[in-house]
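Engineer: Before anything else, here's the structure in question.
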Amino acid sequence: MKNILITGGAGFIGSHVVRLFVNKYEDYFVVNLDKLTYAGNLENLKDIEDADNYSFVKGDICDEKLVDELFTKYEFDGVIHLAAESHVDRSILNPMEFINTNIIGTVTLLNVAKNHWTDTKGKLFYHISTDEVYGSLENLTDFFLESTSYDPKSPYSAAKASSDHFVRAYNNTFGLPIVISNCSNNYGPNQFPEKLLPLVISNIKNNKTIPIYGKGENIRDWLYVVDHARAIDKIFHRGKIGETYNIGGSNEWRNIDLVRVLCKIMDEKLERESGQSEKLISFVKDRAGHDLRYAIDSSKIQKEINWRPSVKFEEGLRLTVDWYLHNEKWLNNILSGDYQQYYSEQYEN
Ligand code: NAD
Ligand code: DAU
């Protein structure tokens, strides 16, 4: 039996990781520590909430006493750390929360793990990071490698970069067994509708305008969230201690092209006249300091760990659209809450 702490398991990616571990490893006991911020939603885990090998704890990763108590109670063998403030636009509106959770929270977890893991045999602290720490690619032929220098450009990515540095420092200074992965943009079921894809789906469904920042020429590399969870599973079990792995979909899209594809799928699914959804596109003020392009070279994880994306983009988009259309209650619960205040602050000024 192994005891694993997963942080941020009620969020978008975390809920897919928790589900995969609880269902796949009956001999693991998974503790999900999540503060349930606006982004955390226990509805995401309804299907596994009663599993014998799963327990949810509502709490803050910055709360050292709580984290210490959990380590004492469960004697964790591993940590998979996903809890974070994750949205660039919110980091522009309010950077401080990103420093608290992403930096102080990560260092709190590292400290407690270091204090408890006097014998590090069989232990692993796995930190989930982002490709945004590498900055913005201006040249279309460049890719982010694990050796690319950090150059974060938003308060979100600066806070994530800082947390990555602390994780490596705890490995170098204290010998804490760590591994890090840096992933590209995820999409799929359960993503909070402040991020591009679910926002577009939700707005089309509700006949609201689709806000495209600037000219829509920014490029992102998209990966289906379940493929990210599979990569995390593989790295947790087969990653080399101290190493970093880049994870990506090799699937680059300009925002405007991606949104046009989504519009076509939505027209079909909602049985609307072809071209109707595209009419909702509206070009709005650009994001401050908007990174132009992210693109991942994931050859290291492909060669060393034998992971590659399994879900084709067109298929993943259709699965995602179907999920949002069939989970109206999930979406409406979010749209009726604090979300409205965020939305007007972000888009209606
Ligand atoms: P999310 O915003 O959907 O979920 C974050 C979760 O963390 C929520 O459940 C929230 O309640 C919880 N949380 C926030 N602050 C907390 C705190 N102080 N204590 C405990 N729990 C807290 O985020 P996501 O998109 O699922 O991202 C998860 C991780 O993956 C993050 O570390 C993010 O940087 C990273 N990442 C995300 C993407 C992406 O495309 N979404 C890509 C690469 C990496
Ligand atoms: O690259 C990995 C990162 O991907 C993760 O680390 C972040 O947690 C995750 O949020 C995501 O960051 P982005 O900023 O790339 O994602 P977002 O969905 O916010 O935006 C995607 C692109 O779409 C980006 O170029 C901004 C643009 N956009 C976004 C929104 C919300 C718009 O044009 N209009 C919008 O309304």
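The values are calculated or read from the model by the stated rules, or taken from the named source; none is laboratory data. Keep in mind the model is a prediction, meaning the values are calculated, not measured. Neighbour counts run over all protein chains shown; Cβ positions are idealised from the backbone, glycine included.
Engineer: Tally up the residues in region 109-147 that are buried (at least 20 other Cβ atoms within 10 Å of the Cβ), closer than 24 Å to Gly78 by Cα and either free of Cβ contacts under 8 Å to residues at least 24 places away in the same chain or aromatic (Phe, Trp, Tyr) (or both), please.
Structural biologist: Count: 3.
Engineer: When you scan region 81-91, do you find a residue that is more than 15 Å from ligand 1 (Cβ to nearest atom) and either in a helix (DSSP H, G or I) or more than 14 Å from the chain's Cα centre (by Cα) (or both), even just one? Outline the logic, then answer.
Structural biologist: Here is the first cut: in region 81-91, the residues more than 15 Å from ligand 1 (Cβ to nearest atom) are none.
Checking region 81-91: not a single residue is more than 15 Å from ligand 1 (Cβ to nearest atom) and either in a helix (DSSP H, G or I) or more than 14 Å from the chain's Cα centre (by Cα) (or both).
Engineer: Hey, among the residues in region 237-249 that are crowded, with 18+ Cβ neighbours inside 10 Å and not aliphatic (A, V, I, L, M), which one's farthest from the chain's Cα centre (by Cα)? Outline the logic, then answer.
Structural biologist: Let us first name the residues in region 237-249 that are crowded, with 18+ Cβ neighbours inside 10 Å, namely 239, 244-249.
Keeping just the survivors that are not aliphatic (A, V, I, L, M) gives 239, 244-246, 248-249.
On the way: Gly239: 19, Thr244: 17, Tyr245: 15, Asn246: 14, Gly248: 12, Gly249: 14 Å.
The qualifying residue farthest from the chain's Cα centre (by Cα) is Gly239.
Engineer: Which ones in region 122-145 are in a loop (DSSP other than H, G, I, E, B) and either modelled with pLDDT under 95 or within 15 Å of ligand 1 (Cβ to nearest atom) (or both)?
Structural biologist: Gly135, Glu138, Asn139, Leu140, Thr141, listed by residue number.
Engineer: Let me ask you something else. When only residues in region 92-108 that are touching a helix residue (DSSP H, G or I) at 6+ places or on another chain (Cβ under 6 Å) and part of a helix (DSSP H, G or I) count, which is surrounded by the fewest Cβ atoms within 10 Å (Cβ to Cβ)?
Structural biologist: If we filter region 92-108 for residues that are touching a helix residue (DSSP H, G or I) at 6+ places or on another chain (Cβ under 6 Å), which is where we start, we get 95, 98-99, 102-103, 106-108.
Of the ones still in play, those that are also part of a helix (DSSP H, G or I) are 98-99, 102-103, 106-108.
Values: Phe98: 26, Ile99: 17, Asn102: 27, Ile103: 20, Thr106: 28, Val107: 19, Thr108: 20.
My answer is Ile99.
Engineer: Hey, another quick one. Under 8 Å between Cβ atoms, at least 6 apart or on separate chains: pull out the pairs that start in region 274-289 with a residue that is within 16 Å of ligand 1 (Cβ to nearest atom) and end on any residue that is not in a loop (DSSP other than H, G, I, E, B).
Structural biologist: Arg287/Val88; Arg287/Asp89; Arg287/Ile92; Arg287/Tyr213
Engineer: Ok, one more. Can you go through Glu43, Glu64 and tell me which one is under 22 Å from Asn115 (Cβ atoms) and more than 16 Å from the chain's Cα centre (by Cα)?
Structural biologist: Numbers: Glu43 fails: under 22 Å from Asn115 (Cβ atoms).
That would be Glu64, the only listed residue that is under 22 Å from Asn115 (Cβ atoms) and more than 16 Å from the chain's Cα centre (by Cα).
Engineer: Would it be correct to say that Ser86 is crowded, with 21+ Cβ neighbours inside 10 Å and in contact with a helix residue (DSSP H, G or I) (Cβ under 6 Å, 6 or more places away or on another chain)? Let's see the steps before the verdict.
Structural biologist: Values: crowded, with 21+ Cβ neighbours inside 10 Å: yes; in contact with a helix residue (DSSP H, G or I) (Cβ under 6 Å, 6 or more places away or on another chain): no.
Answer is no for this residue.
Engineer: Right, next: Out of everything in region 286-304 that is part of a loop (DSSP other than H, G, I, E, B) and touching a helix residue (DSSP H, G or I) at 6+ places or on another chain (Cβ under 9 Å), what residue ends up being surrounded by the most Cβ atoms within 10 Å (Cβ to Cβ)?
Structural biologist: Per the stated criteria, the residue is Ser298.
Engineer: Restricting attention to region 1-36, and to residues there that are surrounded by fewer than 18 Cβ atoms within 10 Å (Cβ to Cβ) and assigned to a loop (DSSP other than H, G, I, E, B), which single residue is nearest to ligand 1 (Cβ to nearest atom)?
Structural biologist: Leu36
Engineer: Residues of region 148-160 being without any contact (Cβ under 8 Å) to a residue 24 or more places away in the chain, closer than 24 Å to Gly11 by Cβ and charged (D, E, K, R), which ones?
Structural biologist: Selection gives nothing.
Rundown of residues vs (1) out of contact with any Ser or Thr (no Cβ under 7 Å at 6 or more places or on another chain); (2) more than 16 Å from Gly9 (Cα to Cα), yes/no style:
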{"residue": "Asp60", "(1), (2)": "yes, no"}
{"residue": "Glu64", "(1), (2)": "no, yes"}
{"residue": "Thr106", "(1), (2)": "no, no"}
{"residue": "Asn115", "(1), (2)": "yes, yes"}
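Engineer: Within region 180-196, is there a residue that is more than 16 Å from ligand 1 (Cβ to nearest atom) and surrounded by fewer than 21 Cβ atoms within 10 Å (Cβ to Cβ)?
Structural biologist: To start, the set of residues in region 180-196 that are more than 16 Å from ligand 1 (Cβ to nearest atom) comprises none.
No; the residues of region 180-196 include none that is more than 16 Å from ligand 1 (Cβ to nearest atom) and surrounded by fewer than 21 Cβ atoms within 10 Å (Cβ to Cβ).
Engineer: Another question, if that's okay. Scan region 38-61 for residues that are in a loop (DSSP other than H, G, I, E, B) and in contact with a helix residue (DSSP H, G or I) (Cβ under 8 Å, 6 or more places away or on another chain) and jot them down. Talk me through it step by step, then tell me what you get.
Structural biologist: First, the residues of region 38-61 that are in a loop (DSSP other than H, G, I, E, B): 38-41, 49-53, 59-61.
Correct list: Tyr38, Ala39, Asn41, Glu49, Ala51, Asn53, Gly59, Asp60, Ile61.
Engineer: For region 288-301, check the following and say yes or no: at least one residue is of a type in the set (S, T, N, Q) and either more than 28 Å from Leu137 (Cα to Cα) or touching a Phe, Trp or Tyr at 6+ places or on another chain (Cβ under 6 Å) (or both). I'd like the intermediate steps shown before the answer.
Structural biologist: Keep residues of region 288-301 that are of a type in the set (S, T, N, Q), which gives 298-299.
Applying the additional criterion that residues be either more than 28 Å from Leu137 (Cα to Cα) or touching a Phe, Trp or Tyr at 6+ places or on another chain (Cβ under 6 Å) (or both) yields none.
Looking through region 288-301, none of the residues is of a type in the set (S, T, N, Q) and either more than 28 Å from Leu137 (Cα to Cα) or touching a Phe, Trp or Tyr at 6+ places or on another chain (Cβ under 6 Å) (or both).
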